[in-house]
Amino acid sequence: MKRWKSFRFWLVVVSMLICVNNYLGNDDANILLIGLNPLLNAICYTEPFRHWIFDFDSARFATDSAVISVRLPAYILHVGSFFLIGVLLDRMVWRWKLRQHLDR
């Protein structure tokens, strides 16, 4: 399969765009970065991962919890999880096409 036709490629591109959008400050509440990512949404409230993802030291004097910034591992986990989801989708498409070819 051509690279630009794979789910892996497009999901990583979308993930990087979401990460850049968050880094530039357009996603203050981290809704796109954390809320729409199943992996980060599941682990962001468990204790050992919470301090890896959020930078609580920069928000000591913040009046709103939505302004807590994220750390670099959050971006790495976001891109990695979108890549793994893309790999799974590509495998499902490959198996479906193989099954269609064998049924003929």
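Please specify each residue of the range 7-35 satisfying the condition of being surrounded by 14 or more Cβ atoms within 10 Å (Cβ to Cβ), under 12 Å from the mean Cα position of the chain (by Cα) and not β-branched (Val, Ile, Thr). Once the filter is applied, which keeps residues that are surrounded by 14 or more Cβ atoms within 10 Å (Cβ to Cβ), under 12 Å from the mean Cα position of the chain (by Cα) and not β-branched (Val, Ile, Thr), the range 7-35 yields Leu11, Ser15, Met16, Cys19, Asn22, Asn30, Leu32, Leu33.
Scanning the range 1-22 for residues that are modelled with pLDDT under 90 and either of a type in the set (A, V, I, L, M, F, W, C) or over 11 Å from His78 (Cβ atoms) (or both) yields a count of 5. Filtered by the rule that a residue be touching a helix residue (DSSP H, G or I) at 6+ places or on another chain (Cβ under 6 Å) and under 26 Å from Asp90 (Cβ atoms), the range 9-34 gives Phe9, Leu11, Val12, Ser15, Ile18, Cys19, Asn22, Leu32, Leu33, Ile34. Residues in the range 59-100 that are modelled with pLDDT of 75 or more, in contact with a strand residue (DSSP E or B) (Cβ under 8 Å, 6 or more places away or on another chain) and hydrophobic (A, V, I, L, M, F, W, C): Val70, Ala74. Can you find even one residue in the range 49-58 that is at positive phi, modelled with pLDDT under 85 and out of contact with any Leu (no Cβ under 9 Å at 6 or more places or on another chain)? No: the range 49-58 contains no residue that is at positive phi, modelled with pLDDT under 85 and out of contact with any Leu (no Cβ under 9 Å at 6 or more places or on another chain).
The values are calculated or read from the model by the stated rules, or taken from the named source; none is laboratory data. Nothing here was measured: the structure is a model prediction, and the numbers come from that model. Counting neighbours? That spans all protein chains shown, and the Cβs are built from the backbone with ideal geometry, glycine included.
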